[in-house]
């Protein structure tokens, strides 16, 4: 067998082109990710960057925003904004479009867990939770629409708390159940623009949210306990959600709209 240098070089170039194509599902796409400065949102931003996207991450914490933007590099900008404030939302999309052009992908990820039973939650806590987890999603989508390309993708973030009645997470679960429904409703509203709206429903995921509910010295034990009851045997990672978001943002999911993808390690349907 003789060595054909030209054939070898051609095969290498073919392999590189195929690999580049596989790893660039979002090449030239512009994305906005709310709550993109930490946790699931940052995991999505990292996954988008690895697939060639550019755009903006949005958050309220100046420090984590700047640190996250530095990790993502020059293709992403950090926008400090409160997603419950409609003027801030207008500014987010205006600034992103001025920097990158029209938006192809929107991830409405910002939100927070609220604990308390129906006997405990105050009106102020109720209103704050509804504003952050439901109102902000509705108006994030509304304010993005004038800046979005037709044929784009909108990704909402639900929670398996919408399907399982976890103790003291009733209000949070209710807001996420509403978000899951909005994916269907928005898709119907946007059919003429061919903008697909889908929702990712995570289960327990390894994010800084643990710090808010669990004393520091107990965090690892709590994570181990969660993993022990999950059918897959581990808790989720932000990268698990990121990979799913890439699928929904890309043409690979062009036949999905109004769909819910459960990325919860089997917790919703298989856990005892």
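Derivation of every value follows stated rules applied to the coordinates shown; laboratory data play no part. Keep in mind it's a predicted model, so treat the numbers as computed, not measured. All Cβ positions, glycine included, derive from the backbone under ideal geometry; neighbour counts span all protein chains shown.
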Open item on the list: Just to be sure I understand: with springs between alpha-carbon atoms less than 10 Å apart, which residue in 131, 252, 206 has the highest mean-square fluctuation in the Gaussian network model of the chain?
Closed with: 252
Task: Acute angle (nearest 10 degrees) that the helix 5-22 long axis makes with the longest principal axis of the chain, alpha-carbon atoms - done: 20 degrees
Open item on the list: Taking just the alpha carbons, could you work out the radius of gyration and Dmax for the range 27-270, both in angstroms?
Closed with: 17.1, 52
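In percent, how large is the relative contact order of the range 152-216, given Cα pairs closer than 8 Å and 6 or more residues apart?
Averaging sequence separation for qualifying contacts and normalising by length gives 43 percent for the range 152-216.
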Open item on the list: Please list the three semi-axes, largest first and in whole Å, of the ellipsoid equivalent to the range 117-165, using sqrt of 5 times the eigenvalues of its alpha carbon gyration tensor.
Closed with: 29, 15, 4
Open item on the list: Please check: in the Gaussian network model of the chain (C-alpha springs, under 10 Å), which one of 174, 108, 209 has the largest mean-square fluctuation.
Closed with: 209
Task: the chain - percent relative contact order, Cα under 8 Å, separation 6 or more - done: 19 percent
Open item on the list: Mean-square fluctuation check for the chain, GNM, Cα pairs under 10 Å: which of 262, 191, 106 is largest?
Closed with: 191
TODO: Calculate, in whole percent, how much of the Cα-Cα pair population of the range 200-272 lies beyond 15 Å.
DONE: 59 percent
Open item on the list: Can you compute log10 of I(q)/I(0) for the range 86-148 with the Debye formula, treating each Cα as one identical point scatterer, at q = 0.17, 0.19, 0.25 Å⁻¹?
Closed with: -0.64, -0.73, -1.01
Open item on the list: Output the 0 to 90 degree angle, nearest 10, between the alpha-carbon long axis of helix 219-229 and the longest principal axis computed from the alpha carbons of the chain.
Closed with: 80 degrees
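With runs of 4+ DSSP H residues as the only contributors, calculate the mean residue ellipticity of the chain at 222 nm using -39,500 (n - 2.57) per run, divided by the residue total and rounded to the nearest 500.
Taking each H run of at least 4 residues, the total per residue is -14000 deg cm²/dmol.
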Task: Calculated FRET value between residue 74 and residue 119, using beta carbons and R₀ = 51 Å, to 0.05 - done: 0.50
Open item on the list: Nearest 10 degrees is fine. How inclined is helix 238-249 to the longest principal axis of the chain, computing both from alpha carbons?
Closed with: 60 degrees
